[in-house]
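Here is the structure we will look at.
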Number of protein chains: 2
Amino acid sequence: MSGRGADLSRLSLNTATTKRWTLKQAVDGAARAGLPAVGLWRDRVAEAGLSAAARVVRDAGLRISSLCRGGFLTAPGPDGRRAALDDNRAAIDEAATLGTAELVLVAGGLPYGSHDLAGARLRVAELLAELAPYAAQRKVRLALEPLHPMYCADRAVISTLGQALDLAAPFDPRVVGVVVDTFHVWWDPDLAAQIARAGVEGRLACYQVSDWLLPIAADALLSRGMMGDGQIDFTAIGRSVTDAGYPGDVEVEIFNADIWASDGEDVVSRMIDRYLDLVLPNLLPDDRGGARGRAPWPV
Amino acid sequence: MSGRGADLSRLSLNTATTKRWTLKQAVDGAARAGLPAVGLWRDRVAEAGLSAAARVVRDAGLRISSLCRGGFLTAPGPDGRRAALDDNRAAIDEAATLGTAELVLVAGGLPYGSHDLAGARLRVAELLAELAPYAAQRKVRLALEPLHPMYCADRAVISTLGQALDLAAPFDPRVVGVVVDTFHVWWDPDLAAQIARAGVEGRLACYQVSDWLLPIAADALLSRGMMGDGQIDFTAIGRSVTDAGYPGDVEVEIFNADIWASDGEDVVSRMIDRYLDLVLPNLLPDDRGGARGRAPWPV
């Protein structure tokens with residue numbers, strides 16, 4: 001593996017990439033490969049148990065770059081609203097217990113049969129206002145993730161980084177931030193400007209990388225690929241993220257049936273190679289004071 | 001059919017919707033159903049022969065709401081550039097001969113293996129500048145169509161209406177306009193503002209309707225559906241188009257394997273019903289001076 005001895009100090013393995021691994025296996029695999037961080041999905045945390053999960057990561061000496069995910073704020077009616085708030089408060093508590101500052105939020109799509117996109121977007125703004133004080137008390141940041149517009153109907157009515165920043169605008173940047181996931185935003189003609197804006201506003205909470213593969217997979221959620229296997233320009237996006245002053249970890253989060261079927265060690269090895277080739281060269285160089293990791297409470 | 005006797009004076013059948021019909025069959029089918037207009041694809045025109053196609057439509061007393069399509073301006077190198085210019089000049093000539101003012105342009109995607117999205121977008125702007133004088137001489141408008149971002153890599157690097165308007169900005173609005181196709185733009189958080197802008201700038205060249213179906217089809221191009229079968233809010237978008245003062249035809253353009261396998265008469269009948277239910281109620285009312293059709297040379 002070419003990664004041995006190289007600078008992996010900002011590379012984080014998101015547990016979604018090595019889906020067949022338990023949380024413990026993913027943490028051990030990341031540590032063996034010399035990675036300093038993992039991004040955790042809540043299902044893996046739940047399997048392990050919250051306290052046990054926190055201990056496993058701590059004992060391995062890793063940090064948690066983000067917890068995925070809260071959100072799904074678009075369910076209509078009092079019951080839908082209450083369930084969403086309950087689940088997100090639980091996710092905030094989990095993030096706090098795990099000691100990660102960043103809770104990724106996926107907005108949720110249109111309710112089944114609904115055509116009211118404007119209404120769904122309004123509910124996201126309303127529930128965000130309910131959740132922000134709770135998150136602030138626990139020193140967890142709600143990291144709004146714009147998803148590719150092809151998921152607007154069924155998964156996330158936040159479709160662009162600019163829209164995510166508009167939704168975040170009423171809140172303290174330590175409480176509501178945004179995620180830049182290359183797969184979701186690479187096509188956006190306004191991307192460079194919005195990443196710069198996120199930097200100025202202090203809201204760049206998480207940088208996730210994966211590639212755009214064609215054809216779109218039968219399960220559209222699984223269309224992501226390893227960096228370099230698709231058509232995303234990691235140089236342009238990486239430079240924007242760097243110019244915006246992002247000091248945090250780079251999470252590799254790939255939903256892909258072939259990758260999930262592969263041996264976890266091989267996936268991590270390939271991920272490191274591609275990171276070193278395509279992603280790291282565009283990150284903040286050491287002599288510009290690039291941080292290693294991030295403060296538990298963004299300042 | 002509920003359409004008999006109703007106001008169909010702005011409804012246009014795009015030949016892509018009844019794919020198995022020849023141009024003559026589509027024109028006859030539209031005329032039988034009381035429609036005033038058709039939108040033509042160049043492959044159907046070529047099959048019929050250009051002069052014959054023009055005659056068939058004229059003899060049926062229909063107008064041509066648009067010709068689809070020119071574009072594919074992103075091929076690299078002198079040969080790619082020359083081929084694109086040649087093909088688009090031919091398309092402009094065909095539009096002029098057919099007597100339609102609107103030539104729909106689909107930008108083209110990334111060249112195979114390329115990661116240079118910014119470069120591809122720059123080539124679109126450059127070739128547009130080459131083509132605009134040629135189009136102006138022939139009184140044909142180049143109608144830039146933003147395609148859904150899921151087609152950015154392989155089909156159209158113009159991904160939002162705002163981007164299309166930015167590309168159009170250097171040119172006379174009679175020469176370069178934009179298309180609003182609900183399937184492609186419905187998700188855009190900035191849509192209402194950009195449709196309003198298109199109205200103010202006099203660039204709203206074509207309004208096409210179809211719905212967003214889930215799951216995304218195996219061939220992603222065929223994910224469109226009949227209005228009302230998916231989750232698009234035709235009321236909100238229709239009102240924006242109306243408020244922008246759009247006086248033109250409404251084209252129904254649906255790529256869908258089930259619809260293509262259906263009897264053409266049935267498709268047209270269903271299309272009329274859905275148009276009357278979901279689209280017409282949001283169009284410019286008569287008492288606001290809504291035009292019927294459009295001038296051959298937009299003013």
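No lab work stands behind these numbers, since they all come straight from the coordinates. Because the structure is a prediction, the values reported are computed rather than measured. Quick reminder, even Gly has a Cβ in these numbers, built from the backbone with ideal geometry, and neighbours come from all protein chains shown.
Computed values, structure above
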| quantity | calculated |
| --- | --- |
| Any hit, the stretch A:115-138, residues being touching a residue at least 40 places away in the same chain (Cβ under 8 Å), more than 11 Å from every other protein chain (Cβ to nearest Cβ) and among the hydroxyl-bearing types (Ser, Thr, Tyr) | yes |
| Considering residues of the stretch B:16-27 that are out of contact with any Asp or Glu (no Cβ under 8 Å at 6 or more places or on another chain) and free of Cβ contacts under 8 Å to residues at least 40 places away in the same chain only, the residue farthest from residue B:284 (Cα to Cα) | B:24 |
| The lone exception for residue A:77 - which of (1) crowded, with 23+ Cβ neighbours inside 10 Å; (2) free of Cβ contacts under 8 Å to residues at least 12 places away in the same chain; (3) away from every other protein chain (no Cβ under 14 Å) it fails | (1) |
| Residues of the stretch A:228-278 that turn out to be polar (S, T, N, Q), assigned to a helix (DSSP H, G or I) and away from chain B (no Cβ under 14 Å), as a count | 2 |
| Subset of the stretch A:87-120 [of a type outside the set (A, V, I, L, M), under 23 Å from residue A:205 (Cβ atoms) and surrounded by fewer than 21 Cβ atoms within 10 Å (Cβ to Cβ)] | A:87, A:89, A:93, A:97, A:99 |
| Residue match in the stretch B:92-108 (condition: touching a Phe, Trp or Tyr at 6+ places or on another chain (Cβ under 9 Å), among the polar types (S, T, N, Q) and more than 14 Å from every other protein chain (Cβ to nearest Cβ)) | no |
| Test for residue B:154: is it among the charged types (D, E, K, R), surrounded by 20 or more Cβ atoms within 10 Å (Cβ to Cβ) and within 11 Å of chain A (Cβ to nearest Cβ) | no |
| In the stretch B:200-215, residue nearest to the other protein chains (Cβ to nearest Cβ) [restricted to those that are in contact with a Ser or Thr (Cβ under 6 Å, 6 or more places away or on another chain) and aliphatic (A, V, I, L, M)] | B:213 |
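Per-residue answers, yes or no, for (1) surrounded by 22 or more Cβ atoms within 10 Å (Cβ to Cβ); (2) part of a helix (DSSP H, G or I); (3) in contact (Cβ under 8 Å) with a residue 24 or more places away in the chain; (4) more than 10 Å from every other protein chain (Cβ to nearest Cβ):
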{"position": "A:146", "(1), (2), (3), (4)": "yes, no, yes, no"}
{"position": "A:159", "(1), (2), (3), (4)": "yes, no, no, no"}
{"position": "A:177", "(1), (2), (3), (4)": "yes, no, yes, yes"}
{"position": "A:183", "(1), (2), (3), (4)": "yes, yes, yes, yes"}
{"position": "A:188", "(1), (2), (3), (4)": "yes, no, yes, no"}
{"position": "A:198", "(1), (2), (3), (4)": "yes, yes, yes, yes"}
